[in-house]
Amino acid sequence: MVVLGALVLIVVITVMLALVLRSDKPTLIILNATPFSVAVRGNRIVAVGEEAEKLKAPVMINAQGRMLSPGFIDSHCHPLLGSLLTHGPVSNLGECTNVSDILTALSAFAASHSADTPCIGMLAPYTALNRTLLDSVLADRAVIVMSYDVHSAWANTVALQIANLLYPANGTEEMIPRDKDGKAIGLLKEPASYGALFPQMGVAGAVLSHRMSGLLTLDDPRVPDIVNNTVLRGQLLEFLRAGLLDLAAEGITTVHTMDGDRQSLSLYDELASTDKLPMRIVAAATMSTTDTDVSKVIIADRIGTAEDMVRCTTAKFFMDGVIETKTAYVISAYPGEPAGYYGEPFWSRERFITALEIADKAGLHVVTHCVGDAAVRHTLDCYEHIFKTQPEHVRRWQIEYIELLHL
């Protein structure tokens, strides 16, 4: 009798759910799709197949036999940065192969934009670019060139002067090389070195500042305020939405953005709350190398007013840089460098484990940028420590960008 009663209850609940779904009027119906028609209300499927075809909705689409499939999920993306590149006031240097190409492209950009528009180039290859070469074509306005991997920047004299980096502080020689007179040659390695270049560089500078804000720390005063500056925020929202629509046109319905902070995430939240966000956003908040208070990102988990369209579930760490600038942490010493130079991990074992414990306690997923084989080993060792000392649940933490492995 107990079993029979349970079965009856299950049947009753199933019928009730079916009635609820049927009475839930759809807002969109896609007919004649392969494998079947679908009726949708908001972001929920309410009927499929013949049941969907019996319903009516304000928007009816005839798929004419086309394939209907789940949307794509981009598991590692930088939408704000990509939107700046495709729709913002920057010079795309992705097709350049040498210094001459870069200088020509920058000159053309400057000629087509007003004098008060900072000249910022993106996606540049690693070349022998320097401050003097940039000055030779544009000496009267700030010029900043970003490498394709966003781990290096080159700046002209004006840009360095604005950032107070023309004569770098002692102890920064490795990250900001200088000439025999003590002047920066124009190359700046890693965001912690070039971050000071961007805060006064308009909307493009604001994006790039927030791209590295985890490395400057979330509350660094150098990071432009994109919440209360309505003009700047309006520009950012405009080209961010344009970039997201580009992604949506390719069938992407969920994006895992890998460079979030509280202010940049608020842009997605505003788009969601005004029904202008064309996909779900799952954010990873970049953690500062100088601040282990991972709990700061938990505020981002409260972001999302349009049916859970925006969430922050992940803490992202940088363990090293890249091979090109010899900032990757490697097991074998770099050739041509002083004996024993291997790069350095951005996080010591003690500080990294402390930060991981805080992230884990907060229920956050963890992603760590590692390029060098020593960085990979160091990170895995720290992950293993957490897994062994706190085995209460399964974690699927990630390592991104691996270029070298020591087996």
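The values are calculated or read from the model by the stated rules, or taken from the named source; none is laboratory data. Because the structure is predicted, anything quoted here is derived from the model rather than measured. Don't worry about glycine lacking a Cβ; one is built from the backbone with ideal geometry, like all the others, and counts go over all protein chains shown.
Residue-by-condition table, conditions (1) closer than 30 Å to V366 by Cα; (2) in the same structural domain as G260 (by TED's automatic domain parsing); (3) out of contact with any strand residue (DSSP E or B) (no Cβ under 7 Å at 6 or more places or on another chain); (4) loosely packed, with under 14 Cβ neighbours inside 10 Å:
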position	(1), (2), (3), (4)
L28	no, no, no, no
A39	no, no, no, no
N43	yes, no, yes, yes
P58	no, no, yes, yes
Under 6 Å by Cβ, and 6 or more places apart or on different chains, what pairs join a residue from segment 333-357 that is at negative phi with one that is among the charged types (D, E, K, R)? Y334/K326
With the condition kept exactly as written, say whether any residue in segment 100-123 is at pLDDT 95 or above, within 15 Å of A153 (Cβ to Cβ) and part of a helix (DSSP H, G or I). yes
Pull out all pairs, ordered by first then second residue, where Cβ-Cβ is under 6 Å, the residues are six or more apart or on different chains, the first lies in segment 96-124 and is touching a residue at least 60 places away in the same chain (Cβ under 8 Å) and assigned by TED's automatic domain parsing to the domain that holds L197, and the second is of a type in the set (G, A, S) and part of a helix (DSSP H, G or I). P118/G202; I120/A204
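Is it fair to say I226 is touching a Phe, Trp or Tyr at 6+ places or on another chain (Cβ under 8 Å), among the aliphatic types (A, V, I, L, M) and either in contact (Cβ under 8 Å) with a residue 60 or more places away in the chain or crowded, with 22+ Cβ neighbours inside 10 Å (or both)?
Values: touching a Phe, Trp or Tyr at 6+ places or on another chain (Cβ under 8 Å): no; among the aliphatic types (A, V, I, L, M): yes; either in contact (Cβ under 8 Å) with a residue 60 or more places away in the chain or crowded, with 22+ Cβ neighbours inside 10 Å (or both): yes.
Answer is no for this residue.
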Taking the conditions exactly as written (assigned by TED's automatic domain parsing to the domain that holds L267, over 27 Å from L277 (Cβ atoms) and in contact with a Cys (Cβ under 6 Å, 6 or more places away or on another chain)), does T379 satisfy them or not? yes
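Go through segment 171-221 and tell me which helices (runs of 4 or more DSSP H), entirely inside it, have 1 or more residues that are at pLDDT 80 or above. Even if it seems obvious, please write down each step before you answer.
Values: elements: 191-194, 202-211, 213-216.
In segment 171-221, the matching helices (runs of 4 or more DSSP H) lie at 191-194, 202-211.
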Considering every residue within segment 390-406, establish whether at least one is surrounded by fewer than 20 Cβ atoms within 10 Å (Cβ to Cβ), hydrophobic (A, V, I, L, M, F, W, C) and at pLDDT below 90. yes
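Check whether at least one residue in segment 351-366 is in contact with a strand residue (DSSP E or B) (Cβ under 6 Å, 6 or more places away or on another chain) and polar (S, T, N, Q), and report yes or no.
Just the residues of segment 351-366 that are in contact with a strand residue (DSSP E or B) (Cβ under 6 Å, 6 or more places away or on another chain), to begin with: 359, 364-366.
Next, from what is left, pick out any that are polar (S, T, N, Q): none.
No, every residue in segment 351-366 fails to be in contact with a strand residue (DSSP E or B) (Cβ under 6 Å, 6 or more places away or on another chain) and polar (S, T, N, Q).
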Residues being over 21 Å from L232 (Cα atoms) and crowded, with 16+ Cβ neighbours inside 10 Å - total across segment 83-94: 1
Need pairs with beta-carbon distance below 9 Å; first residue free of Cβ contacts under 8 Å to residues at least 60 places away in the same chain and over 26 Å from L80 (Cβ atoms) and within segment 129-152, second crowded, with 16+ Cβ neighbours inside 10 Å and aromatic (F, W, Y); sequence gap 6+ or separate chains. N130/W154; R131/W154; L133/W154
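Checking the structure you have, find out if any residue of segment 64-82 is assigned to a helix (DSSP H, G or I), touching a His at 6+ places or on another chain (Cβ under 8 Å) and closer than 30 Å to G234 by Cβ. Give the steps one after another, and end with the answer.
Pass one, segment 64-82, residues assigned to a helix (DSSP H, G or I): 79-82.
Okay, now just the ones that are also touching a His at 6+ places or on another chain (Cβ under 8 Å), so 80.
Pick out the ones that are also closer than 30 Å to G234 by Cβ and you get 80.
Scanning segment 64-82 turns up at least one residue that is assigned to a helix (DSSP H, G or I), touching a His at 6+ places or on another chain (Cβ under 8 Å) and closer than 30 Å to G234 by Cβ.
Could you grab me the full set of residues in segment 136-170 that are loosely packed, with under 15 Cβ neighbours inside 10 Å and either part of a loop (DSSP other than H, G, I, E, B) or not assigned by TED's automatic domain parsing to the domain that holds P89 (or both)?
The first filter runs over segment 136-170 and keeps only residues loosely packed, with under 15 Cβ neighbours inside 10 Å, leaving 136, 139-140, 161, 164, 167, 169-170.
Selection gives A139, D140, N164, Y167, A169, N170.
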Subset of segment 324-371 [surrounded by fewer than 20 Cβ atoms within 10 Å (Cβ to Cβ), modelled with pLDDT under 95, assigned to a loop (DSSP other than H, G, I, E, B) and among the hydrophobic types (A, V, I, L, M, F, W, C)]: A333, A339, A362
Counted residues, segment 40-65 - those being under 29 Å from H256 (Cβ atoms) and over 33 Å from the mean Cα position of the chain (by Cα): 5
On the given criteria, is I176 free of Cβ contacts under 8 Å to residues at least 40 places away in the same chain and in contact with a Pro (Cβ under 7 Å, 6 or more places away or on another chain)? yes
